[in-house]
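Structure, as structure tokens:
The values are calculated or read from the model by the stated rules, or taken from the named source; none is laboratory data. As the structure is a prediction and not an experimental result, all values here were calculated from the model. Note that each Cβ is placed from the backbone with ideal geometry, even for glycine, and that neighbours are counted across all protein chains shown.
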Amino acid sequence: MVQKRKVPLRKCIVTNEMKPKKELIRVVRNKDGEVFVDPTGKKNGRGAYLTIDLDVINQAEQSGVLNRQLQTEIEDAIYEELKQLANKKQ
């Protein structure tokens, strides 16, 4: 019997759903306070996960949930990058 590898699950900060890491996009704030999108999911810093979905990204932008999670101001450029990723995925 082959052991099935455990799929790493992460929680989307907007929908609060647990999903495989591959279905989510990570936004990171490093110790210098820089915020960026982390498609690899491996960069150092405080990360927050979002479902790669336009509605979810818009909801995150309006509610300011990323600002709270990463304890910093999120620039519009970050949301633009997230929206582009969501559009590519569809």
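Filter region 36-47 down to the residues that are surrounded by 15 or more Cβ atoms within 10 Å (Cβ to Cβ) and free of Cβ contacts under 8 Å to residues at least 40 places away in the same chain, then identify the one that is farthest from the chain's Cα centre (by Cα). Among residues in region 36-47 that are surrounded by 15 or more Cβ atoms within 10 Å (Cβ to Cβ) and free of Cβ contacts under 8 Å to residues at least 40 places away in the same chain, the one farthest from the chain's Cα centre (by Cα) is G45. Within region 68-81, the set of residues being in a helix (DSSP H, G or I) and surrounded by 15 or more Cβ atoms within 10 Å (Cβ to Cβ) comprises Q69, L70, I78, Y79, E81.
Looking at region 2-19, can you tell me whether even one residue there is aliphatic (A, V, I, L, M), in a strand (DSSP E or B) and free of Cβ contacts under 8 Å to residues at least 12 places away in the same chain? Yes, that holds for at least one residue. Evaluating L50 against the criteria (1) surrounded by 17 or more Cβ atoms within 10 Å (Cβ to Cβ); (2) in a helix (DSSP H, G or I); (3) modelled with pLDDT of 95 or more leaves one unmet condition, (2).
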